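The values are calculated or read from the model by the stated rules, or taken from the named source; none is laboratory data. This one's a predicted model, so the numbers in the text were calculated from it and none came from an experiment. When we count neighbours, we look across all protein chains shown, and the Cβ atoms used for this are built from the backbone with ideal geometry, even at glycine. To get the accessible areas, we keep the full protein, side chains included, count just its heavy atoms, and leave off ligands, DNA and RNA. Shrake-Rupley method; radii C 1.70, N 1.55, O 1.52, S 1.80 Å.
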Amino acid sequence: MNKALKIVLAIFLFIIIAVLAGSWYLSKHWRPILNERLQVLVSSSSDSLYTLTYDDLEFSWYRGYASLTNVALKPNQAVFDRMKADSLAPDNQYSIQVGLVEIKNFHPSRLYRQQKLNIDDIILVDPVVSVINETMPKKDTIEVKDQRTLYQKISKLLKEIRVDNFNVNNLTLTYQNNNTDDSITTRLKNINLQVSDILLDSLSGQDTSRIYYSKGVHFKMKNYRIATRDSLYHVNLSDIDFSTAAKELKIDHVALVPRYNKDEFYEMAAKPTERFELSFDSLLIQGIDIPRLLESQQFRATKISTSGGDMEVAANTNYPKPVTDKRGKDPHQQILKLAWNIGVDTLHLSNMNIVYEELSKVTQQRGKISFNNSEISLYNITNDSLLLSRSPHLKAEVRTKFMNAASLDVHFDFNMLSEIGAFQYHGKLGAMNGRVLNQVLKPLAQIEINSADIRSLAFNFKIDQRKSVGTVDFRYDNLKVKLLMLEDKGAIISKRKLASSLATTVIINSSNPDGIGKYTRGNVYYNRPQSYAFFKIIWKSLFQGIKTSAGVSEEREAKLKNTAKDTKRAAKKVGSFIKGIFKKKEE
């Protein structure tokens, strides 16, 4: 080895030793300086309200690395009480504990030479954050706030702050609201938060592509459950994934679950109401306008979609609802009354199974109606006046399998600007065996279909707060209907031994068109009672048209009801006579 090479190696070794020694010296002497600076920073920025503690501080200037273990930021109660007495206390108190805080590669040369704090990674492990919210009294005098931007506040010390990745792992958040008589506490667990490309410089504040100076926030949470305010349901969410960069929210499973079975539910409910059970295999909200949401609290999204859903609505007429005025309460009118300004281009519910079940007060039996494998789409869902001035109609399309037996297509058109809540709908039901309807007609209407070959049912209606006008085209063959009677205890006697002899069989128009080709259309003009809700007026209008198509006029319907009553009275007399005969034999 020649002399020149030895000199080069010696110089290189000396530089390495000098750098390592300098790094050790800086790290050793910077540690107490950093500790002091941190304490002063926390105290001064919070008016001495908070104190910072930690077990250990590791700092390496050479590696650009720093870490804190078992960090705690806690409020000073004495200071808070003094601020409260002086009407200076903040509405929120924070208590923060973090198992580990790591800062990786903060590029000390850039910080020293260019006054730029560039950090590759900041990692918080197992943080526990508690927030107590209570509105505090404030002084009447208005203090002049500092109008400087965040960059202007730091510009004398730093020209730039950039963090490539800020990760919060396994966050537990507790929020306690003390503004009500009963304190309300919300807990969120197992939260993972990733914030990417945080930049604070002279231009980043005007960069509309950034959210809170970052290029993206990614929020993940495994499971979340909350009880509804009335304590009748739980809302369950699984695998929540929200990304500001993708502008979307994903939830793998959503469920509204009643806390009580059907018998207990109505006893626990404080008022007559339906019992809902709802679940979606997945929920996806796309195209969320994040800046608008944060700045104006207005919700905009291009599409909301679900897949694999089930919904059951159960009613119990043993607990009848009080008669109330339903005007102005149709679904599209309720959207207009929302306190939150919303605008959603498309809502699509895929593969939904919907069941409505009602327990009859008369028969004490349950009737069900179902819509299977439903595809439901709504377009232009908004209450924004500007959007409605451009496009005032909310439209809906429903494709489903009615009673899992026949295809049903329905189209709705809601005029959102109509002062009388005008909307129209039309649709068509495909061919089916009418006896399928017995599972809803027997318990709820005391009617049994002996036979009915339904070929099609088409309908077209215009409805508002005052009336329903439309037509029903009901084509069928071999229609025979039986009116059922009840025993004193409420059981339908068609299930008893004497059913065939005590029930009244009524033959209406057996076919439409009839044997000579005469076709009867159901023309409907129905004055809407003020107490009729949205679905009730739809059903009543449709049913009126079906009856007219089947040849049941108002006069004939009254006659049939009187016949049923006379038959029931006759049945009772026959029963009493038979009982009397057996009684005499026993004597």
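Return the residues of the range 216-257 that are open to solvent by 40 Å² or more (accessible area, probe 1.4 Å) and of a type in the set (Gly, Ala, Ser); say none if nothing qualifies.
Correct list: ALA227, SER231, ALA245, ALA246.
What are the pairs, 6+ residues apart or on separate chains, where a residue within the range 100-123 that is free of Cβ contacts under 8 Å to residues at least 40 places away in the same chain has its Cβ under 6 Å from a residue that is open to solvent by 50 Å² or more (accessible area, probe 1.4 Å) and part of a strand (DSSP E or B)?
Going by the 6 Å Cβ cut-off, the qualifying pairs are ARG110/LYS116.
Condition check: under 24 Å from ASN373 (Cβ atoms) and open to solvent by 60 Å² or more (accessible area, probe 1.4 Å). Does ASP281 satisfy that?
Yes: the conditions hold for ASP281.
Select from the range 183-201 the residues that are in a loop (DSSP other than H, G, I, E, B) and open to solvent by 40 Å² or more (accessible area, probe 1.4 Å) and list them in ascending order.
Passing the criteria: only SER183.
Out of all the residues in the range 334-361, which are among the polar types (S, T, N, Q) and in contact with an Asp or Glu (Cβ under 8 Å, 6 or more places away or on another chain)?
ASN341, SER350, ASN351, ASN353 - these are the residues of the range 334-361 that are among the polar types (S, T, N, Q) and in contact with an Asp or Glu (Cβ under 8 Å, 6 or more places away or on another chain).
Being on the phi < 0 side of the Ramachandran plot and more than 19 Å from the chain's Cα centre (by Cα): is that true of ASN372 here?
Spelling it out, ASN372 is indeed on the phi < 0 side of the Ramachandran plot and more than 19 Å from the chain's Cα centre (by Cα).
Can you tell me which residues in the range 341-360 are outside any strand (DSSP E or B) and more than 27 Å from ASP310 (Cβ to Cβ)?
ASN341
ALA315 - would you say it is buried (at least 16 other Cβ atoms within 10 Å of the Cβ) and within 26 Å of LYS536 (Cβ to Cβ)?
Yes.
Starting from residues that are in a loop (DSSP other than H, G, I, E, B) and crowded, with 16+ Cβ neighbours inside 10 Å, keep the ones in the range 529-550 and report whichever is modelled with the highest pLDDT.
TYR532
Tally time: how many residues in the range 421-439 are outside any loop (DSSP other than H, G, I, E, B), closer than 13 Å to ARG455 by Cα and open to solvent by less than 70 Å² (accessible area, probe 1.4 Å)?
Residues flagged as outside any loop (DSSP other than H, G, I, E, B), closer than 13 Å to ARG455 by Cα and open to solvent by less than 70 Å² (accessible area, probe 1.4 Å) within the range 421-439 amount to 3.
List every residue pair whose Cβ atoms sit under 7 Å apart, with the two residues 6 or more apart in sequence or on different chains, where the first one lies in the range 369-391 and is within 30 Å of ASP310 (Cα to Cα) and the second, anywhere, is in a helix (DSSP H, G or I) and open to solvent by 60 Å² or more (accessible area, probe 1.4 Å).
ASN383/LEU336
So, in the range 516-528, exactly how many residues are open to solvent by 50 Å² or more (accessible area, probe 1.4 Å) and in a loop (DSSP other than H, G, I, E, B)?
5
Of the residues that sit in the range 440-466 and are in a strand (DSSP E or B) and basic (Lys, Arg), which one is farthest from ASP409 (Cα to Cα)?
Only one residue fits best here, namely LYS462.
Which residues, taken from the range 204-215, are farther than 24 Å from ASN192 by Cβ and either charged (D, E, K, R) or open to solvent by 40 Å² or more (accessible area, probe 1.4 Å) (or both)?
Matches in the range 204-215: GLY205, GLN206, ASP207, THR208.
So which strands (runs of 3 or more DSSP E) are wholly in the range 102-182 and hold at least 2 residues that are farther than 24 Å from TYR54 by Cα and either open to solvent by 50 Å² or more (accessible area, probe 1.4 Å) or among the basic types (Lys, Arg) (or both)?
Strands (runs of 3 or more DSSP E) meeting the threshold: 160-177.
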